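**Student:** Dropping a structure here in structure tokens format, bear with me for questions.
The values are calculated or read from the model by the stated rules, or taken from the named source; none is laboratory data. Source: prediction; values computed, not measured. Cβ coordinates were reconstructed from backbone atoms using ideal geometry, including for glycine residues, and neighbour counts include every protein chain displayed. In case anyone asks, the SASA skips ligands and DNA or RNA and just uses the protein heavy atoms, side chains included. Shrake-Rupley method; radii C 1.70, N 1.55, O 1.52, S 1.80 Å.
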Amino acid sequence: MTLLQTSSRSRMDLKEYFNRIGFTGRYDKADLDTLSTIHKLHVMNIPYENLSIHCGEKNTIDLSIIYDKIVKSSRGGWCCENNLLFSWVLREMGYKYTILGSKGFNKFKNDFYPVDSHLINLVEIDGKPYIADVSYGVSCQMWYPLEMISGKDQPQPPGVFRLLNDGMRWVLEKTGRKHVLKTMYCFTLTPRRADHFLETSECLQTSPDSQFVLKSICSLQTPTGFRALIGRTFSEITFNPKEDFDFMDMKEIPDSEIEALLREKFNVVLVNKFSPKNDKVHHCM
């Protein structure tokens, strides 16, 4: 079991989180069906977003602050927020879990980044390990936990996910439409604490070369696909696996309409002034 950094737990209520994601079922049994349900509801109701960086705010790994932001203020977050909050949910529900760190894949260098930049959760149920990741976003967001079996194709609505193990590390891949293969990240089974990600979190929201600084991103899974606002470009994608392609509707949003779009499409209301940004590198959908 991994300890979570939090300054206060008195205001944190599991039922309030369930109300946030629309879960109304029983939660007295830490089984796979319940985990799969809350995993899907989380990605359908809580956006993957880095808007705070572009509102003059700061992301944190303090769990109570993350809880207030995501649950009480109906915001989303990036991986260290969404997946850390999900760690707390797992603990409160009685699941056996471990926080892991993963290294994202740099397609331009055809290699993994040198440091852990993505927080995920390993969950053990009836002796079987699963990877839960509710905060990858856009087209590669898994809807359900993945069973940790090397080489097994695990189809989900966004595509086919596959974990590979070489004896030292695990690699996660996703095959999308037209058999397009994307390497997502790699990880080992070394347990991590939340503060393991502190330095990287600081770098990702301050470095002028960070994708999160160069791009404002907000994405949310929907029952038929996902939607995303990247900079000023809004996209709605409808999955169409039977014909091996997805429908995409894209349009540019004027600054005067962005706040209304965030509210209508993502249920996000920002307090501070938001400056949309999409510089330099192309964000692959």
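**Student:** Quick one: grab the alpha carbon gyration tensor of segment 6-93, order the square roots of its eigenvalues as a ≥ b ≥ c, and give me rounded if a/c is under 1.5, else prolate or oblate depending on whether a/b is larger than b/c.
**Tutor:** Since a/c reaches 1.5 and a/b is larger than b/c, the shape of segment 6-93 is classed as prolate.
**Student:** How high is the relative contact order of segment 130-212, in percent, counting Cα pairs under 8 Å that sit 6 or more residues apart?
**Tutor:** This gives 15 percent for segment 130-212.
**Student:** Could you calculate the contour length gain from Val180 to Ser256, that is, 0.36 nm times the residue separation minus the distance between their Cα atoms, to one decimal place in nm?
**Tutor:** Difference between extended and current length: 23.7 nm.
**Student:** Further question: Under the classification rounded if a/c is under 1.5, otherwise prolate if a/b is larger than b/c and oblate if not, where does segment 169-285 fall, given a ≥ b ≥ c as square roots of the Cα gyration tensor eigenvalues?
**Tutor:** It is oblate, given that a/c is not under 1.5 and a/b is not larger than b/c.
**Student:** Among rounded, prolate and oblate, which fits segment 1-150 when a ≥ b ≥ c are the square roots of the eigenvalues of its C-alpha gyration tensor, a/c under 1.5 means rounded, and a/b larger than b/c means prolate?
**Tutor:** oblate
**Student:** Net charge around Glu57, counting only other residues with Cβ within less than 15 Å of its Cβ (Lys, Arg = +1; Asp, Glu = -1)?
**Tutor:** 0
**Student:** In segment 211-285, with Lys and Arg counted as +1 and Asp and Glu as -1 at Cβ, which of these residues, Thr222, Leu261, Thr238, has the Cα nearest the positive end of the dipole, that is, farthest along it?
**Tutor:** Final value for the positive-end residue is Leu261.
**Student:** Follow-up. Need one value: the accessible area of Glu243 in square angstrom, 1.4 angstrom probe, rounded to the nearest 10.
**Tutor:** Roughly 110 Å² of Glu243 is accessible to a 1.4 Å probe.
**Student:** I would also like to ask the following. When the solvent-accessible surface of protein heavy atoms is calculated with a 1.4 angstrom probe, in what order do Asp246, Asp195, Asp28 fall, highest first?
**Tutor:** Asp28, Asp195, Asp246
**Student:** Would you kindly derive the ³J(HN,Hα) couplings of segment 66-72 from the backbone phi angles with the Karplus curve 6.51 cos²θ - 1.76 cosθ + 1.60 (θ = phi - 60°), listing them in order in whole Hz, with x for Gly and Pro?
**Tutor:** 4, 4, 4, 5, 7, 8, 7
**Student:** How much accessible area per residue does segment 95-194 have, counting only protein heavy atoms and a probe of 1.4 Å, in square angstrom?
**Tutor:** Here the per-residue accessible area is 45 Å².
**Student:** Same structure, new question: Between Gln156 and Glu57, with labels modelled 7 Å along Cα→Cβ, what's the label distance in nm to one decimal, could you check?
**Tutor:** Distance between label points: 2.5 nm.
**Student:** Roughly to the nearest percent, how much of the accessible area of the chain is carbon and sulfur, given a 1.4 Å probe?
**Tutor:** On the chain, the fraction of accessible area on carbon and sulfur atoms equals 51 percent.
**Student:** At most 14 other Cβ atoms within 10 Å and a DSSP loop assignment: could you name the trypsin sites (Lys or Arg not before Pro) in segment 190-240 that fit?
**Tutor:** Arg193
**Student:** Taking a probe of 1.4 angstrom, what is the accessible area of Leu189 in Å², to the nearest 10?
**Tutor:** Estimated to the nearest 10 Å², Leu189 gives 90 Å².
**Student:** Right, next: So what are the ³J(HN,Hα) numbers for segment 260-277, from phi and the Karplus equation (6.51, -1.76, 1.60; θ = phi - 60°), rounded to whole Hz, Gly and Pro as x?
**Tutor:** In residue order, the calculated couplings are 5, 5, 4, 5, 6, 8, 10, 6, 10, 10, 8, 8, 9, 5, 9, 10, x, 8 Hz.
**Student:** Also, I was wondering about something else. Run the 1.4 Å probe and let me know the accessible area of Lys58, rounded to the nearest 10 Å².
**Tutor:** In the full protein context, Lys58 sits at about 130 Å².
**Student:** Still on this structure: Give me the net charge of Cys140's neighbourhood, meaning all other residues with Cβ under 9 Å from the Cβ of Cys140; Lys, Arg count +1, Asp, Glu -1.
**Tutor:** Summing Lys/Arg as +1 and Asp/Glu as -1 gives +2.
**Student:** Net charge within 11 Å of Ser117 by Cβ-Cβ distance, Lys/Arg positive one each and Asp/Glu negative one each, not counting Ser117 itself?
**Tutor:** Cβ neighbours under 11 Å give a net charge of -1.
**Student:** ³J(HN,Hα) across segment 173-190 via Karplus (A = 6.51, B = -1.76, C = 1.60, θ = phi - 60°), whole Hz, x for Gly/Pro?
**Tutor:** Working through the residues one at a time gives 10, 9, 9, x, 5, 6, 6, 6, 9, 10, 7, 9, 6, 10, 7, 10, 9, 6 Hz.
**Student:** Moving to a separate point now. Taking the C-alpha atoms of the chain, how large are the radius of gyration and the largest Cα-Cα span, Dmax, in Å?
**Tutor:** So, for the chain, Rg and Dmax equal 17.8, 52 Å respectively.
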